[in-house]
Each structure stands twice: as C-alpha cells, then as structure tokens.
Amino acid sequence: MGGRDTDMVLLDANGIRCDGRRIDEPRRIMIKAGVLHNANGSAYIEFGDNKIVAGVFGPRDVHPKHQSNAETGILRVRYHMQPYSVTERKRPAPSRREIEISKVIKEALLPAVMLERFPRTAVDVFVEILQADGGSRCAALDAAAVALADAGIPMRDMVSACAAGKVADTIVLDINNEEDQAGQADMPVAIMPNSGKVTLLQLDGVLTRDEYRRCIETGIAGCKIVYDIQKRALAERHFSGAGQ
Amino acid sequence: MGTVSILDGLRRKLVADSVASGRRADGRALDEVRELTVEPGVIPKAEGSARVRLGRTEVVTGVKVNPDRPFPDTGDRGTFICTAEIPPLAHPDAEAGPPSEAVIELARVVDRGIRESHMLDMSQLVIKRDVSVIGVFTDNAVIDNGGNLFDACSYASVAAILSCKMPVWEMGEDAPRLVEGQSRDPPIATVPVSVTMGRIGEHIIVDPSLEEWMCLDARLTITTNSEGNICALQKGGLDGFTPEQLNSCAETAISVGARVRPRLEAARQAR
C-alpha cells in the first residue's frame, strides 16, 4: 500500500469517505451484457471510473496445439490496459502486473467454468481496460464472468468480485484510486456467490487478525451486491428487459 | 480447409453479384458510408478521446499529451505518435502478441493521414526550443472489427484530437513544469478525413464492410483536408487500379470526405 502522506481527509467525523460514500457503500456499478458483434459473449462494465470491456471466444481449437489437454478444455485470460487508460501513458506491451492479474483472474474463474465438457478446446477471455480506477482487477473479473455466461459457456456458478480495504484505520468496502494510494490496505475478493467459495483473494497492506476477518466479510458483502447487478445484466440481455 | 475455400468462393460471388447490381448486401449504394456515430470525451482520464462506430466496427481512441524530448533535427516542433491495436476481443482471428503486418500498416496509414495533413500545427507545441516539446500520443483500440479499420481508426483519432484539452507547461530550471489550472485548445490547422474504397471487378465501393473487405481485388485509402486537397494515399490488396479508376476514386474521396468532416468537427464541442 502507498500509505502516502496526504492532506486529503479519507474519512470524516460522520464516517463519510473522500468521494462521499459511506464505509459500506460501493461505487456506481453498471454492467451491460452482449456489447460486441464478433465475440461469442461479451460485457461492458463501469465500476466507479473503471471502464472495461470483456470478450469471450470458444470453446474453440487450441493454438498452439501443445497447450491442448485431452481430458479437459483450457481457460486463457488476457487482462490488458490501453495506453490512455491511466494518467501517465502506459506502454502498450503487457507489463508484469498485467500478466499476474491475468493469471489470478483466470484462477478465480476456473472453478466456475465446466471446462471438462470441452476436452481439447480453449475458452479465451480477453479484457481491455479502457479507463482504469482503483479495483480494476475486480471489475475486470466481474465483466469476464458475465461475458462467459453471455457466451453460453456452462458454469457451475457466477463469479463476483469486489475489493475491501482499510482506510483511516477503518475497514471499508470497495476502495477507490485515492484510497488505494493513501490508504492502509487493499484486499480484492471474489466469490462464487451460490457455493460461497472465495476464488480470488489478495492483500496489499497490514491488517490485524480481527481486521483481516472483517475485511473478508466486507468484501464478500460487496461481491453479493455485484452478483445482483451481474444477474440483472444477463436478464436484460437474454430475457428482453425482464429484470430479475 | 476445403469447406472454407468453397464458402469463400460462394461469399465472394454473392458480394460481387450484389455490387454489380448497384445495391450492396447491406442495402447501401456503392458510394454510401455505413452509419457513423462519434462520441467524443468517453475517457475522461485521457486529454482527448472518442468512441467511433462505423457500421459494426467500433474503435475507442485516447489522446495523451505529455512533455517529450524533441527529435534532434526538429527541435522547433512537437512530436506526434499514432498507434493502432486490434486486441483479441475484436475478432476471432485477432491474436494477442506482437502486431502483425496488417496492424502495423493500419497504424502507419492512420498516422500518415493526420501527420501529412498538418492537422496539428506542431510549431505551437514547443515548451523550450531544442530542449522540451509537447508530445501527442494517439492510441487506437479496435474493440469490434466489422471491416474498414482504416477509416474507423482515422475518424476516432481525428475526433479524439479535436476533443483534446491540452495542459500547459512552462520551462522550469531543468524540466518542464505543469501550470496548474490552465489548459488550451489544440492548434488545429485542418481536419483530415480518410476515405477507403475497394475495387470488386470494375466496381468501386466506399467503406467496405468486413464481408466485402475479404472479397476486394484492391483497395485505396485517400485522405483529404478541409480545403478538399489530397494529403495521403495508400493502395493495398493484390491487384491494381486503372488511372481512370484512380481519378474517380479521388472525386469520391473528396465528396464523401466533405460529408463526413462536419461529423468529426462536432467533437470540438467536447472540450
């Protein structure tokens, strides 16, 4: 964590955060399923100031062939940031950070996707970050899971992600960019909401044992809020605006 | 492989027949551009940005403006770099990894159209002569490939540049210093419009869709400026054009360009 000195008031006396939210309130989340013509499934998410599009292809032939598995299908994930997505222009080639995030997103999705039904094939998930804010890996994962469902890939469960963190000695839900820079801890969490299993968990920062427990609880509560929005996006796409 | 080439042959015949009839598969006239929408300012973190939809093609472009070191021989001018990327979510055939020949051509053609039109007056992008200048980076991301990426990327780049709010720097002791709270409009001299045409048999079509793109004998991209002059060209494809065809393509590029230009100009309002 940054733990950077700052004049900014991260949490005021009334428990209101620097962007006006309560401690248990996520940023604005909007998800739209089915936004691309060429992908088998796709989703667009705005999560705070994050703007992210995800596309899914497959199950399809595996190239290079040596990656294919006779027992099961494989899942490949690419998380990539556009050069203009951040304040300082980012070089277009994938960074080590992007490669690691691609891997943790893949591993968060794997338990939910029924790849064993598609041996020798690949399901490809491509995520483009058009604008990045704090918590882009969670937002990317949320969009990727909706895109997989939109593609009609059999899944055991949805995957929903949201970060929690520690700001001004308080555990808060869904930390934003400023809180990430100046706060004390950032914990991205993803769950399969029906089974309740946690499939992504990372932490930057220092937490006591009790804070650790509360941070996970807070993150899971955020994932459940996201899950409802994911379901609504899929219903709007596939049941002509029927809502829930 | 056999099935694919039979299908390709059938598709080719279908496209060629409809072009010969004067009415294309999607109902357009031969010189008609697909529906174009230009949404400037979609990426607030970028100094300029635009989302362009041209038929089923979608491009999101951002402009970043940073102090840059000038090239040794042009210390009195800012720098301009234009890139293009087809991330793998744009099409099943698009692959991650180093850019292909086609993607490099795309980026260079879009760059050339803007650079050679002198859209930006680069002499106004100097912080301190020979020491520090302003660099304008225009990065195009093709989100959905529905054909004719040349024009879609060019429109998105031009609209993003027009929508730009440029920060102001002044020279500090050894490095440029951002002047807080100030911004200025980009020094726009002209508005280039790229028009890509394809030849199928004897017929020339404007703004080929992806299906048509696969069937072209040859293609030609012509960029015109606000005065209606031609400022960049790129011929591609396996076959050529007759001189008569080249002349009529130029006429088409000028008239279609004049119809498209006001749509791009409107992006200024996003500043």
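The values are calculated or read from the model by the stated rules, or taken from the named source; none is laboratory data. Bear in mind the structure is a predicted one, so any value in this text is a computation, not a measurement. Methodologically, a virtual Cβ is constructed for each residue, glycine included, from the backbone with ideal geometry; neighbour enumeration extends over all protein chains shown. We work out accessible area using only protein heavy atoms, side chains counted, and drop any ligands, DNA or RNA first. Shrake-Rupley method; radii C 1.70, N 1.55, O 1.52, S 1.80 Å.
The table that follows gives values for the structure above.
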quantity	calculated
Condition broken by A:R60, with the remaining ones in (1) facing chain B (nearest Cβ under 9 Å); (2) within 26 Å of A:I229 (Cβ to Cβ); (3) open to solvent by 10 Å² or more (accessible area, probe 1.4 Å); (4) in a strand (DSSP E or B) satisfied	(2)
Near pairs, Cβ below 9 angstrom, 6+ apart or cross-chain, from region B:59-76 (without any contact (Cβ under 8 Å) to a residue 24 or more places away in the chain) to any residue that is buried (at least 19 other Cβ atoms within 10 Å of the Cβ) and charged (D, E, K, R)	B:F71/B:R77
Given (1) open to solvent by less than 30 Å² (accessible area, probe 1.4 Å); (2) in contact (Cβ under 8 Å) with a residue 40 or more places away in the chain, number of the condition A:K224 does not satisfy	(1)
Top-ranked residue of region B:88-99 - restricted to ones that are touching a residue at least 40 places away in the same chain (Cβ under 8 Å) and not in a helix (DSSP H, G or I), ranked as nearest to the other protein chains (Cβ to nearest Cβ)	B:H91
Condition met for A:R76 (more than 14 Å from chain B (Cβ to nearest Cβ) and open to solvent by 20 Å² or more (accessible area, probe 1.4 Å))	no
Residue list for region B:170-180, filter: open to solvent by less than 90 Å² (accessible area, probe 1.4 Å) and not in a loop (DSSP other than H, G, I, E, B)	B:E170, B:M171, B:P176, B:L178, B:V179
Selection count where residues are open to solvent by less than 40 Å² (accessible area, probe 1.4 Å), within 10 Å of chain B (Cβ to nearest Cβ) and among the polar types (S, T, N, Q), scope region A:39-57	1
Filter result for B:D121 (over 24 Å from A:S85 (Cα atoms), within 14 Å of chain A (Cβ to nearest Cβ) and surrounded by fewer than 21 Cβ atoms within 10 Å (Cβ to Cβ))	no
Matching entry among B:A107, B:A102 (being within 14 Å of another protein chain (Cβ to nearest Cβ), open to solvent by less than 80 Å² (accessible area, probe 1.4 Å) and not polar (S, T, N, Q))	B:A107
Residues that are in contact with a Cys (Cβ under 9 Å, 6 or more places away or on another chain) and more than 8 Å from every other protein chain (Cβ to nearest Cβ), drawn from region B:33-56	B:E47, B:G48, B:V52
Some residue of region A:81-103 being open to solvent by 10 Å² or more (accessible area, probe 1.4 Å), modelled with pLDDT under 95 and among the acidic types (D, E)	yes
